[in-house]
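The structure under discussion appears below in the form of structure tokens.
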Amino acid sequence: MAISIGKAIDKMLKKMKISTPVRQWEAVSLWESVVGETIANHTRAEKVLYGKLYISVDSPTWRNELMFHKNELLEKINSKLIDVKIKEIVLR
């Protein structure tokens, strides 16, 4: 019985109990498409640790502006993820 590579990888990740952290890392690669070009030019998704997405911001002004939109950004990123959720966005 043959299974697809994707299903084999999913099975391996679940067996190793790292499926959720690996899936959460998708948020890093999705960041630019979720926030758009303007915000992406001033930010960089760095990492995901324990359900928190860490975003580097190039200026205090942009950081302050994004603080007001954290919940909206969190909803957008979570709507793109499959089977996992990001709990918090950390701007730094």
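The values are calculated or read from the model by the stated rules, or taken from the named source; none is laboratory data. What you are looking at is a predicted structure, and each value in this text was computed from that prediction instead of being measured. A quick note on method: Cβ atoms are made from the backbone with ideal geometry, for glycine too, and the neighbour counts reach across all protein chains shown.
Enumerate the pairs (first residue in segment 30-45 and over 14 Å from ILE77 (Cβ atoms); second residue anywhere and of a type in the set (Ser, Thr, Tyr)) with beta-carbon separation below 8 Å, excluding pairs fewer than 6 apart on the same chain, so at least 6 apart or on different chains.
Pairs found: HIS42/SER59; ARG44/SER56.
Going through segment 1-39 one residue at a time, which ones are among the polar types (S, T, N, Q) and either part of a loop (DSSP other than H, G, I, E, B) or touching a Ser or Thr at 6+ places or on another chain (Cβ under 7 Å) (or both)?
Initially, segment 1-39 is screened for residues among the polar types (S, T, N, Q), giving 4, 19-20, 24, 29, 33, 38.
Correct list: SER4 only.
Is one or more of the residues making up segment 40-47 outside any loop (DSSP other than H, G, I, E, B), under 11 Å from the mean Cα position of the chain (by Cα) and not basic (Lys, Arg)?
Yes, segment 40-47 has at least one match.
Step by step: first the residues of segment 15-32, then only those that are charged (D, E, K, R) and surrounded by 12 or more Cβ atoms within 10 Å (Cβ to Cβ), then the one that is farthest from VAL90 (Cα to Cα). Which residue is that?
ARG23
Any residue at all in segment 55-64 that is within 10 Å of the chain's Cα centre (by Cα), at pLDDT below 95 and not acidic (Asp, Glu)?
no
For segment 35-52, which residues satisfy the criterion of being aliphatic (A, V, I, L, M) and surrounded by 17 or more Cβ atoms within 10 Å (Cβ to Cβ)?
Passing the criteria: VAL35, ILE39, ALA45, VAL48.
Among the residues of segment 60-87 satisfying the criterion of being out of contact with any helix residue (DSSP H, G or I) (no Cβ under 7 Å at 6 or more places or on another chain), in a helix (DSSP H, G or I) and of a type in the set (Lys, Arg), which is farthest from SER29 (Cα to Cα)?
ARG63
Can you run down the residue pairs with Cβ atoms below 8 Å, 6 or more apart or on separate chains, where the first is in segment 46-62 and of a type in the set (Asp, Glu) and the partner is part of a strand (DSSP E or B) and surrounded by 16 or more Cβ atoms within 10 Å (Cβ to Cβ)?
Pairs that qualify, where the first residue is of a type in the set (Asp, Glu) and the partner is part of a strand (DSSP E or B) and surrounded by 16 or more Cβ atoms within 10 Å (Cβ to Cβ), are GLU46/TYR54; GLU46/ILE55; ASP58/THR43.
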